[in-house]
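A quick write-up on the structure given underneath.
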């Protein structure tokens, strides 16, 4: 028979239940253990996604560098190529920055396309398979990029194809992680919980910078290969231990709406012989019997997938999508170009030093994201919180460009500040906001809409992520080009501010109308 939904238990969890004290836990502690397990595994998962995409920005500084001050091997004739002999073809010419920007855009446009595709797919398949396969294939294509170092590949087409495929499978990460976490956590304190959990983005960037930076100056292939092996291994770990749905282990499904449900959804357990009986979802046991299939009653809406266009019509989805467009434009410009900017702006920093210094942006982002989630919880005004961050980001960008080179201490402080402010809207929109929209009352509790809504928001944001590095690559090659790059980032922050204010007014009006309608209906 064709099953609507099967709640399988990973082999690692089944083994733990047999050989550990997990089977003796009370229902409350069992729920807490599984929630912690899901948060930890999805944290490691998405941190590894970001770790695996970070090496490109670090390796840029050796793919194209000024070779004048680099000692050439005695047996190498560098006549006529004194400035470029140590660069990696095809990135050794005057158009190197443009080509490197094209590499970023190949990855990010593919990622953006994949977000729309994978979001819809992610709500229709088992999230555990979805994430683990995506992680392993992301590791494979990251390794293939690094393989060019040892096999002496200099084809631009090769690098572009690898980046396109890597971007496509990297897009499995966000819809899958948010869907898994959304299945386990309700709306209560979601902003704070997600703000802390959302630091995986910055942790992954920091790890990617440090790992890639450790190898970049003597074997940049390892800068890709080591993160690739890590994400591949973590993909296997998720396949063995991730429980994406609480019903698989007999845990209750959290309430995603503001109003409590009168009763838990019914589950139909159908025997191979055809007889069936119903029971509450909280009573499902993971006994691993192959002659039973579990699926929801037809009148339950929680697992009902929605269309792309229905998700777009949810109030706030379009506005938050464009807010994320501008905030990811800013963040990904720093993600892909900050190490090169730091090296180009200093006469003393090497490639590894620049990679390590760039982590300050992400360290600031950790604290900025947590504070954004906390403020969202305290005020209940996510859009207004985003607007405040956008306002403060503009002067911080100006100050960093103008005074970042005054001293090492001031550079450290301002880079931390820019990361703190620029990551606030990024963290908030891609977690608390998108999760709340995915469980909007208009969806009648359809929790499977979560993957679609987050994919729409992050997919639109990823277009901005692709545009930002592309613009930076083109502008940075001009005279005083980095000034133009920072001006462009300030304009993007101002545009994000305008969209956030519009979102705040729209959602406030929507809330007021609902309150008035409820008052008059009493």
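The values are calculated or read from the model by the stated rules, or taken from the named source; none is laboratory data. Please read all numbers here as calculations on a predicted model, not as lab measurements. No Cβ is skipped: glycine too gets one built from the backbone with ideal geometry, and neighbour counts run over all protein chains shown.
Quick rundown of the values:
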item: Residue in segment 409-421 that is farther than 25 Å from residue 487 by Cβ and either buried (at least 22 other Cβ atoms within 10 Å of the Cβ) or not assigned by TED's automatic domain parsing to the domain that holds residue 465 (or both) present; result: no
item: Residue count, segment 113-144 (criterion: in a loop (DSSP other than H, G, I, E, B) and in contact with a helix residue (DSSP H, G or I) (Cβ under 7 Å, 6 or more places away or on another chain)); result: 1
item: Complete set of residues in segment 107-118 that are farther than 20 Å from residue 48 by Cβ and buried (at least 22 other Cβ atoms within 10 Å of the Cβ); result: 112
item: Which listed residue, of 327, 379, 393, is within 28 Å of residue 460 (Cβ to Cβ), surrounded by fewer than 18 Cβ atoms within 10 Å (Cβ to Cβ) and either out of contact with any strand residue (DSSP E or B) (no Cβ under 8 Å at 6 or more places or on another chain) or without any contact (Cβ under 8 Å) to a residue 60 or more places away in the chain (or both); result: 379
item: Tally of residues being closer than 22 Å to residue 336 by Cα and either in contact with a strand residue (DSSP E or B) (Cβ under 7 Å, 6 or more places away or on another chain) or at pLDDT 75 or above (or both) across segment 67-94; result: 10
item: From the options 122, 139, 167, residue that is closer than 30 Å to residue 9 by Cα, under 17 Å from the mean Cα position of the chain (by Cα), modelled with pLDDT under 90 and crowded, with 24+ Cβ neighbours inside 10 Å; result: 122
item: Residues of segment 193-232 classified as in a loop (DSSP other than H, G, I, E, B) and within 27 Å of residue 38 (Cβ to Cβ), total; result: 2
item: Hey, residue 518 surrounded by fewer than 11 Cβ atoms within 10 Å (Cβ to Cβ), within 20 Å of residue 405 (Cβ to Cβ) and at pLDDT below 85 or not; result: no
